[in-house]
Each structure stands twice: as C-alpha cells, then as structure tokens.
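Read the figures in this text as sums done on the coordinates, not as results from a lab. Computed from a prediction, not measured in an experiment: that's the story for all the values here. Positions of Cβ are backbone-derived with ideal geometry, glycine not excepted, and every protein chain shown enters the neighbour counts.
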Number of protein chains: 2
Amino acid sequence: MSFEFEIIKECKDTGARVGKLYTPHGCIDTPIFMPVGTQATVKAMTPRDLKEVEAQIILGNTYHLYMRPGEDIIERAGGLHNFMNWDRPILTDSGGFQVFSLTKLRTIEEEGVHFRSHIDGSKHFIGPEESIRIQNALGADIIMAFDVCSPYPHEYDKAKEDMERTIRWAKRCKDFHSREDQALFGIIQGGMYKDLRRASAEDLLAMDFPGYGIGGLSVGEPKPLMYEILEDLMPMMPKDKPRYLMGVGSADSLVEGAIRGVDMFDCVLPTRIARNGTAMTSSGRVVVRNATYKEDFTPLDEECNCYTCKNFTRGYLRHLVKSNEILGSMLITMHNLNFLISLMAEMREAIIEDRLMSFVEDFRQRYK
Amino acid sequence: MSFEFEIIKECKDTGARVGKLYTPHGCIDTPIFMPVGTQATVKAMTPRDLKEVEAQIILGNTYHLYMRPGEDIIERAGGLHNFMNWDRPILTDSGGFQVFSLTKLRTIEEEGVHFRSHIDGSKHFIGPEESIRIQNALGADIIMAFDVCSPYPHEYDKAKEDMERTIRWAKRCKDFHSREDQALFGIIQGGMYKDLRRASAEDLLAMDFPGYGIGGLSVGEPKPLMYEILEDLMPMMPKDKPRYLMGVGSADSLVEGAIRGVDMFDCVLPTRIARNGTAMTSSGRVVVRNATYKEDFTPLDEECNCYTCKNFTRGYLRHLVKSNEILGSMLITMHNLNFLISLMAEMREAIIEDRLMSFVEDFRQRYK
C-alpha cells in the first residue's frame, strides 16, 4: 500500500528504529539520508551516479523549480520524475524555507507571502494553497506543508507567532491537497522553545498527517540544543509515522538524530562542501585543497568503496580542486553522498543486529 | 611492436585510409578524434565516461601540466596515466601553442621562449629540450616536438622564419628525446603558404619521425584554404606514418580532413561548446539554450545512442544550461564527444566497406 510505514526493528537502548516507507515510486529504508536536487538535478551527479551511491530518494526544491523552469513545464514533461529521469521516490519541500531565506522585499500576510524573485526581481505570491498546487504539478511522492521559518536567533513571541501560523497554514495545505499518490507531511516549528515545539506537534498530530517534518533546526543554534529539543519532542511522536529532520546533513548530526528517533534527513551540505573541495570521510572532514595532500597518492578514504576512492588519489583530487575542474566537484560529490548514504545503511544494520550503541561509540571516537 | 602503424584499408576515390597505430597503452584505430584533457582531465568527464563514448586516446597539455600540478608531481604519481587513472594511450602536445597563445611578456630566442605564467605571472623558460624533458616526465605514449606557431594572419617572411626555427627545434627535440616507450612526432608548419609547408615536410621527413603533426591550421583562416593546403601537402607524406591535424574538431573539418588522408584530430571544441550549451548533432549544431527547446521533450539527437540522448530531453538540458548546472556540461560534453568519436568510427566502417563517397555525400547533405 502506498505510504505505509513499517517498523522493522526498534533499538532497545535508544529511540532509533529501522523502517520501510512505501511510496508510489518504491520503498525507502529508514533512517535515510536524502540528497538534495535543488533545480531538478543533484548537482554534479547523473541519475545513474545517484543509483550507484544507492540514493533511494532525492529532494526537489519547490521554490527553485517554480522559478525555473516553472512547474507548468515540468507538469507537461510528465512530472519531475520524468523531467529529470529519476524513477525512484522524490520529496519536494514547500518552498517556505527559500521564500524566507532567498527572496527580497518579502511581505508576510495571513494569506501567504508576497516576494520578489532572487533571479530577476519579478513579483510573486506563494501561500499554502499555491505551494500545494505547485507541488501537485511537480508530482513528488512526498510533499511538505507550507511553513514559516523563524530566523535564528529569535524571541519567544516571534517563534510562537510563526509556529501558530504554520499550524493554520498546515490545515489549509491539508484541505487543498487532493492527489492521493502524494503524501503530505506537516512541519513542526516552534524555534528553540520546547513548549512551542510540543504545542506545534500536538496540533499537527491532531490533523493526522502521514509523516512529520521537523523544521527550523540546524539554523545556527548549538548542536546540543538541537539534540535536546529532539529528545524532548520525540517521546510524543507516534511510532507509526516517519519523522523527517529537515536540512540536517553533517555526519554526526545524522547519527545523533537517528539514535533519537529521526527517520529521514536531507541537506545540501555534502554536495555543497564537495564543490568547495571538502570531503566527508570515516575519520572526519578532509579539506582536499590543502597543500599537505599535494603528493598524497592514497585514496580520500581508505575504508570507502565508492568510484572516487577506488580510482583516484587525494593528490589528483587536490589538483582538480585547485584547477577548478568540474571533475573535482563530480568525484568529491559522489564520495560525500556515498559516505552519508552508507553511514545510514550501516546504522540500520547495527540496529537490526542489536549493536547500535557500539556502532555509535565507535563512530564518535573516529569522527572528530 | 610499439608504434607500428598498420594501414588496414585505403579508399580508392580519396586519400582516406583506415589504420591501426600501436602504442605501449594499446592500439588506436584511425582516422580518430582525440578528446582533449588539458589539465589531466577531459573537462566534466570521468575516465569511465570516456570509455563509454569509446575514446581510445586522449590528450594532455604539457604547458598546463607543467604549470599545475607540475610534471615532477605527475612523475612521482607514476606518470600521467596513473595520476589521472587513464590506462589507454595519451598524447601530449609540446606546450608550444599555449606558450605562444596564453602567456604574457614572451621573448622568443633561438634557445627557446621566456614567458610569464598565465596563472601567477611567474617567470619561466621552455625550449625544445625543456619541452621534451617535461613530456618525458609526464610519460605519454605520443609526444610532440616543440614548435613555433605563427599567429594568423601572417606575412610570408614571418611564416618562413617560424617554420625554419621549428625545423631546427625539431632536430634538437629528436636529439634530446630518449624514452623508447614514447613516440616523438615532428610538426609541419609554414603558415598558409604551400611552398613553406612542403619545405617544412621535406626537412622533417628527412629526420624520419614515427609520425607527423600538421600545426598552425584552423587558426582563423577560411576552411577551403585549410583543405587546399592539406591537398597540396598530403601527396608528399609517407603512407606508412600517421598524420595528425592539430587543433581541428568541427565535424565537417574532421570528415574533410580524413578524406584528404588525415589520421588523427584533436580539439577542445566539442567539450568547450558543450559547456556553453551547444550540442553537435547529426543535423548540425543545436544551441540548447534557445527558448525554442523549452518544451521540446525529444532527445538532443534522435539518431544517437549515448547516455544523454537515451535518457534526457532537450527541454531538460535547456533547463540545466539556463540554470548553470554542472550536469548540463556533463551531459552535453558526453554527447558531443560521443558524436565526434562515432563519426570517425562510421567513417572507418565506410572506408572498409568501400562506400566512403556516399557516406561523405550524405554527411554533407545532413550536416549544415
């Protein structure tokens, strides 16, 4: 059945669990990392590269696709899957985060947000119904409710106001959404305040969404605060619904999030830092550009089996990065995605084999 | 035997021939197009992508590799093949063309050229011996003599002077070169003057190189003039040595060159225009960026079997190009290289099957 979420195994010591989420384009294993394909492409990766690193689901950004090429063109191409030739699941965000972070001259009203395009300054309006209409046209498997993201740091009153509006907008999104082959997730907001987060969750749970995003974290706050908020929030979340921690993509946050019960993660981090020449490895980040790797003819990560690590050296990758060669972005992106996706696969295995805590301890030791 | 050049078939109607050139890293079929890997990477292509489009040999640019990362590093990595993980043949140019076109504050003496780096302005000197020393360190299968390229347009006296110096430098290159696993090709110069070209060829032939480059063409002169020079020159070239027309990479020039007896071609054209969003197709160039392709959900080239054409539409490629996405460069580069490499494979087949003229007539009709 579409959108069934099945728990395969729960960890006895932590909130972590292994699940399977069924979608019209196939099943995904959780906990999972989802690469971000902002403009209908995961930057520097072909769809077959994505399959090689075992990406099971990718993201599309509603705001960007609405701006370029336009959701009408994507709809006429047969939807985002056809347009970009990706036959596995896709999740689109609501556009909320980009509208609040990228655009200029924003006016936020109860109805929605008036803003100007970050590309050409043209005037636009997106509200809850508009976001759902666009996401319906894009045709992803999982779509998100249009939310208000509080800038960090923020006052209690501001976080409360944004959270409450997000609840009202979630209701409007749910009422407007009609495609049965798309699961609409609600988004928990509430800034850095636990009581607001709980209130947000309570109201959204009453609306019974098939899954829940946790938005507005990893926006500049200290990581321990993010973990505290998750620890406080998770016990009230229903076990049978997937939990998606939005915009989080550092290796340590993935591990710490998953042991607290998060099922899904996405972030541009692994692909963005790859293009700046930084690799994620089993012993922490490697700034490939550094002169120290000039004559280092060993792989990026000795433990890794990706195409990059099996075929190229740090010295060569450094040369590519220093020379601004596209191949440098391609190869490091491939490695970074493989690293995060494998990390989650290893974590699922550790949960299933009842050895999660030793896996996590080992990870914390190695990954500085 | 290394560097044996075997003629498999000669066309009865034209100067075209099909050959096999053996090198320490394998045999290449001629006529052939060789993708350019300027900085130890064919831009936007992995080595496995290159094998998929059936690249048999690629180029490296001596000037660029000397500048970055430095031939010493490549030598310590085990040579250019190891450094970039390409196990098929490689050809390096002499650095002459780049020294004469990219650098500043050049002083040309009989000894060689003093110049400043195009990257950091640092002072350098490359003469014939230096070029061979660098190319020996890089370790390509085929290396080129250090030559003087006359800027176009040029006077007779200037072309003569440059050609004569190129001859003297070729002699010094030959004397200095020692690696038996590298074939050193001489380069015919002489600008747009047939008598100078013939004089250049005569002197170089007397030195008995295992192959001959034809340099200084496709530098801005009308194409018919280039073909005329080739027609005049080819009859005096020995049949049993490969002929390499340097820096030529438009589809029509490849076909016209091959029927006049050219065996090898290289050019940045297919990869460079790909990154600007222009595709080479069986019916001519397609400027993917054009608005006309906005909702064109057909492949770039219906007749093409490359990964790009089998999986993506013009509309999608246009979106990638307009959005400055790396994937656009990757996919169009893949297609353009596949196109030129296949074109030469089809031409070899036509020669072998005694139907070259009908192949060429058909090509001239289709390719506007």
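Points to keep in mind about this one:
- Viscosity 1.567 mPa s, temperature 4 °C, Stokes-Einstein D of region B:57-126 from Kirkwood C-alpha radius, µm²/s: 100
- Fraction of antiparallel bridges per DSSP, region A:1-155 only, in percent to nearest 5: 70
- Using the Cβ-Cβ distance between B:R76 and A:R76 with R0 set to 51 Å, the FRET efficiency works out to roughly 0.40.
- Sorted fewest first by neighbouring Cβ atoms within 10 angstrom, A:L225, A:L50 come out as A:L225, A:L50.
- Average beta-carbon neighbours from other chains, 10 Å sphere, peptide B:310-323: 5
- Cross-link pairs beyond the 24 Å C-alpha cut-off, checked among A:K294/B:K123; A:K43/B:K294; B:K12/B:K160; A:K294/B:K43: B:K12/B:K160
- In nanometers and ordered shortest first, the copy-to-copy spacing of the A:D13 label point, defined 7 Å from Cα toward Cβ, is 7.9.
- Globularity ratio of region A:45-164, using Cα Rg and 2.2 N^0.38 Å: 1.15
- Gap separating the Cα centres of region A:26-60 and region A:66-105, nearest whole Å: 15
- A straight chain from B:S178 to B:K123 at 0.36 nm per residue would run longer than the Cα-Cα distance by 17.1 nm.
- Peptide B:66-79 shows a mean partner chain C-beta count of 3 within 10 Å per residue C-beta.
- Neighbouring Cβ atoms from other chains, within 10 Å of the Cβ of residues in A:47-60, number 1 on average.
- Excluding same-chain neighbours fewer than eight residues apart, the aspartates and glutamates reachable from A:K322 by a Cα-Cα span under 14 Å are A:E295, B:D120.
- Percent antiparallel among DSSP beta bridges (both partners in the protein assembly as shown, rounded to 5): 50
- Net +/- balance of residues flanking A:I132 in space, Cβ distance below 13 Å, scoring K and R +1, D and E -1: -1
- Proximity of backbone amide H atoms, modeled 1.01 Å from N, is registered between A:G213 and A:G186, A:I187, A:I188, A:Y244 at under 5 Å, excluding neighbours fewer than 5 places apart on the same chain.
- Along each principal axis, Cα extent of the protein assembly as shown, largest first, Å: 90, 53, 45
- Here B:S200, A:S283 are placed in order of increasing Cβ neighbour count within 10 Å, fewest first, which gives A:S283, B:S200.
- Note on region A:279-347: with charges restricted to the Cβ of Lys and Arg (+1) and Asp and Glu (-1), its dipole about the Cα centre is near 280 debye.
- Beta bridges assigned by DSSP with both partners in chain B are antiparallel in approximately 50 percent of cases.
- If the chain linking A:I8 and A:R285 were pulled fully straight, counting 0.36 nm for each residue of separation and taking away their Cα-Cα distance, it would gain 96.5 nm.
- Label-to-label distance for B:N324 and A:D87 is 3.4 nm, based on points extended 7 Å past Cα in the beta-carbon direction.
- Taking a straight Cα-Cα cut-off under 19 Å and skipping sequence neighbours fewer than 8 places away in the same chain, the lysines within cross-link reach of B:K223 are B:K194, B:K368.
- Volume per residue of the C-alpha convex hull in chain B, rounded to whole Å³: 134
- Scanning the protein assembly as shown for cysteines with no neighbouring cysteine C-beta under 4.7 angstrom from their C-beta gives A:C11, A:C27, A:C149, A:C173, A:C267, A:C306, B:C11, B:C27, B:C149, B:C173, B:C267, B:C306.
- Sequence of B:Y156, B:Y316, B:Y227 once ranked by neighbouring C-beta atoms within 10 Å, starting from the fewest: B:Y156, B:Y227, B:Y316
- Among residues of chain A, the one whose beta-carbon sits closest to the A-to-B rotation axis is listed with its distance in Å as A:I326, 3.
- Note, ³J(HN,Hα) from phi for region A:323-338, Karplus 6.51, -1.76, 1.60, rounded to Hz, x at Gly and Pro: 8, 6, 8, 4, 4, x, 4, 4, 6, 6, 4, 4, 5, 4, 5, 4
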